[in-house]
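Student: Below you'll find the structure I mean.
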Amino acid sequence: MLDLLVRNAQVRGTAGLTDLGVRDGLFVPIEQDARETIDVAGRLVTPPLVEPHIHLDAVLTVGQPRPNVSGSLFEGIAVWSERVKDLTVEDVKTRVRQVLRWQLANGVQHVRSHVDICDPSLTAVRALVEVREEARGQVDLQLVAFPQLGILSFDGGRELMREAVELGADVVGGIPHYELTREDGVESVQFSFALAEEFGLRVDIHCDETDDDHSRFVEVMAAETIRRNMSGRVTASHTTAMHSYNAAYAYRLVNNIKRAGLHMVTNPLDNAVLQGRFDTGPIRRGHTRVKQLQEAGVNVCIGHDSVMDPWYPLGFGDPVQAAFVFVHLGHYSGDDELRRLLDMVTVNPALALGLPNYGIAEGNPADFVVFDAPTDVDAIRLGSRRHLVVRAGRVVARTEPAQTTVTWDGDEQPVTFLRG
Ligand code: 17E
Ligand code: FE2
């Protein structure tokens with residue numbers, strides 16, 4: 001007897017409709033007897049969404065203590081470093097819990113969050129470590145020790161990075177393009193890798209998040225990864241300077257990224273509005289060289305980055321919205337590209353985060369998402385709500401499908417926004 005039988009699922013990547021069986025929280029072979037049966041009527045079913053890049057400590061702080069008037073990354077950093085002085089553990093926990101619930105309702109079950117450590121009391125790190133325990137098994141968190149104001153450029157930065165790791169950070173971060181000099185940037189990357197190696201942790205660095213084509217720290221990340229044998233355990237995030245590099249340099253860099261086995265995260269929402277602020281026209285789009293990286297076989301993911309914070313005032317934690325924007329910024333509207341897009345918010349970030357037993361397969365945890373759409377292209381086009389979010393065989397979030405009608409020639413008719 002099954003605990004749950006899901007009927008008529010359009011499982012992503014599988015032709016035709018299938019049924020899914022669940023027992024003891026795992027996918028198991030189909031049986032006809034089940035305690036509960038849900039007919040999803042041909043809706044798209046995917047593995048859980050995975051958020052590889054967000055700053056949970058800053059969520060919902062937009063306008064505090066003042067708005068970001070210029071809209072630049074650098075004014076955002078200045079505004080946030082004022083807000084950090086007012087953080088309390090309760091303040092952080094309340095905001096984070098709210099956004100985690102939004103993310104879960106959007107089908108996100110795994111989140112990697114950068115957490116600013118440039119605060120002598122490490123309030124945000126302490127708060128997030130507690131929320132990580134609370135949320136475990138619902139939304140699983142990985143915390144990155146993230147030095148927003150630099151490791152070498154911030155007084156006590158090295159010590160705070162180590163302390164954050166000792167408090168329980170899962171991943172070591174960095175921000176080399178924000179250090180005072182090129183040499184400090186290189187040293188900061190080396191510091192992060194050494195710390196990660198010492199504690200057996202992964203690395204995820206904010207790298208070259210600028211339009212300055214002289215910002216070239218991804219090459220240092222690739223070199224450190226190769227020398228320390230950390231292939232597969234390292235992620236370079238943002239890397240927006242890459243699209244301003246000359247073609248010869250970019251070619252060499254992409255090859256070295258591939259050789260090092262780096263994972264890459266592009267953040268289309270934030271970087272669409274943060275980058276290009278010093279351009280008078282044409283204005284650069286603010287993303288990295290996704291297609292070139294993918295052609296070389298590099299794992300590229302889409303991150304959300306911000307929800308209503310000093311850098312980005314919008315968002316509700318939905319990776320599909322970030323993917324939709326990426327289609328436009330990244331010219332990712334080809335037929336094959338649209339069909340691969342959801343990989344960048346599911347399997348690709350699962351690989352970057354090193355998640356075990358991920359995916360809809362017998363023996364794996366029965367974690368999945370039912371979209372209110374029949375295909376993934378429709379899900380992206382419509383930003384379809386997640387009808388059901390299931391964790392270990394239990395429904396943890398539900399959205400009732402909207403019903404829309406129009407009155408046309410005096411007759412009330414349903415509208416689904418689907419091609420007939
Ligand atoms: N901090 C940073 O350096 N860059 C960003 N995009 C955000 C925070 C959101
Ligand atoms: Fe970021």
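The values are calculated or read from the model by the stated rules, or taken from the named source; none is laboratory data. In this text, all values refer to a predicted model and were calculated from it rather than measured experimentally. With ideal geometry, Cβ positions are generated from the backbone for all residues, glycine too; neighbour counts draw on all protein chains shown. Areas reflect the complete protein model, heavy atoms only, side chains present, ligands, DNA and RNA absent. Shrake-Rupley method; radii C 1.70, N 1.55, O 1.52, S 1.80 Å.
Student: Among the residues of the range 303-312, is any crowded, with 24+ Cβ neighbours inside 10 Å, within 17 Å of the chain's Cα centre (by Cα) and not in a loop (DSSP other than H, G, I, E, B)?
Tutor: For the range 303-312, residues crowded, with 24+ Cβ neighbours inside 10 Å, within 17 Å of the chain's Cα centre (by Cα) and not in a loop (DSSP other than H, G, I, E, B): present.
Student: What's the number of the condition V396 fails, among (1) closer than 25 Å to L143 by Cβ; (2) open to solvent by 10 Å² or more (accessible area, probe 1.4 Å); (3) part of a loop (DSSP other than H, G, I, E, B)?
Tutor: With respect to (1) closer than 25 Å to L143 by Cβ; (2) open to solvent by 10 Å² or more (accessible area, probe 1.4 Å); (3) part of a loop (DSSP other than H, G, I, E, B), V396 is out only on (3).
Student: OK, next. Does T240 fit the bill of being modelled with pLDDT of 95 or more and within 15 Å of ligand 2 (Cβ to nearest atom)?
Tutor: Values: modelled with pLDDT of 95 or more: yes; within 15 Å of ligand 2 (Cβ to nearest atom): yes.
So T240 passes the test.
Student: What's the number of the condition I151 fails, among (1) modelled with pLDDT under 95; (2) in a loop (DSSP other than H, G, I, E, B); (3) not small (G, A, S)?
Tutor: Going through (1) modelled with pLDDT under 95; (2) in a loop (DSSP other than H, G, I, E, B); (3) not small (G, A, S) one by one, I151 breaks only (1).
Student: Please go through the range 368-397 and give me each residue that is under 18 Å from G25 (Cα atoms) and more than 20 Å from the chain's Cα centre (by Cα), ordered by number. Can you show your working first?
Tutor: Narrowing the range 368-397 to residues under 18 Å from G25 (Cα atoms): 368-370, 388-397.
Passing the criteria: L388, A392, G393, R394, V395, V396.
Student: Can you tell me which residue within the range 313-336, out of those that are open to solvent by less than 40 Å² (accessible area, probe 1.4 Å), away from ligand 1 (no atom under 16 Å from the Cβ) and part of a helix (DSSP H, G or I), is nearest to H206 (Cα to Cα)?
Tutor: Among them, the one singled out is A323.
Student: Restricting the range 280-302 to residues that are open to solvent by less than 30 Å² (accessible area, probe 1.4 Å) and not aliphatic (A, V, I, L, M), which is nearest to ligand 1 (Cβ to nearest atom)?
Tutor: Checked the range 280-302; the qualifying residue nearest to ligand 1 (Cβ to nearest atom) is G286.
Student: Mind checking which residues of the range 90-99 are in contact with a helix residue (DSSP H, G or I) (Cβ under 6 Å, 6 or more places away or on another chain) and within 25 Å of G174 (Cβ to Cβ)?
Tutor: If the condition is that a residue be in contact with a helix residue (DSSP H, G or I) (Cβ under 6 Å, 6 or more places away or on another chain) and within 25 Å of G174 (Cβ to Cβ), then V92, V96 are the ones that fit.
Student: Within the range 123-139, count every residue that is on the phi > 0 side of the Ramachandran plot and surrounded by 21 or more Cβ atoms within 10 Å (Cβ to Cβ).
Tutor: Total satisfying the criteria: 0.
Student: Can you tell which of T88, T18 is surrounded by 15 or more Cβ atoms within 10 Å (Cβ to Cβ) and of a type in the set (S, T, Y)?
Tutor: After ruling out the rest, the residue left standing is T18.
Student: Next question, about the same structure. On the given criteria, is Q275 of a type outside the set (F, W, Y) and closer than 21 Å to I380 by Cβ?
Tutor: In short, no.
Student: Also: Does the range 172-195 include one or more residues that are in contact with a Gly (Cβ under 8 Å, 6 or more places away or on another chain), of a type in the set (G, A, S) and closer than 26 Å to V111 by Cα? Give the steps one after another, and end with the answer.
Tutor: First, the residues of the range 172-195 that are in contact with a Gly (Cβ under 8 Å, 6 or more places away or on another chain): 175-180, 184, 188-189, 191-192.
After this cut, where a residue has to be of a type in the set (G, A, S) as well, the list is 188, 192.
Now narrow it down to the ones that are closer than 26 Å to V111 by Cα: 188, 192.
Checking the range 172-195: at least one residue is in contact with a Gly (Cβ under 8 Å, 6 or more places away or on another chain), of a type in the set (G, A, S) and closer than 26 Å to V111 by Cα.
Student: Residues in the range 195-240 that are of a type outside the set (D, E, K, R), open to solvent by less than 40 Å² (accessible area, probe 1.4 Å) and in a helix (DSSP H, G or I): how many?
Tutor: Result for the range 195-240: 9.
Student: Still on this structure, please answer the following. Residue under question is R95, and the condition is that it be within 22 Å of the chain's Cα centre (by Cα) and basic (K, R); does it hold?
Tutor: yes
Student: Considering P365, P401, which residue is closer than 24 Å to V345 by Cα and modelled with pLDDT under 95?
Tutor: On the way: P365 fails: modelled with pLDDT under 95.
Answer to the check: P401.
Student: Kindly state which helices (runs of 4 or more DSSP H) lie completely within the range 28-135 and contain at least 1 residues that are away from ligand 1 (no atom under 16 Å from the Cβ) and among the hydroxyl-bearing types (S, T, Y).
Tutor: Values: elements: 73-83, 89-105, 123-135.
Where helices (runs of 4 or more DSSP H) fall fully within the range 28-135 and carry at least 1 residues being away from ligand 1 (no atom under 16 Å from the Cβ) and among the hydroxyl-bearing types (S, T, Y), they are 89-105, 123-135.
Student: Give the residue, chosen from E163, E159, that is open to solvent by 10 Å² or more (accessible area, probe 1.4 Å), of a type outside the set (G, A, S) and either touching a residue at least 12 places away in the same chain (Cβ under 8 Å) or closer than 19 Å to A58 by Cα (or both).
Tutor: E163
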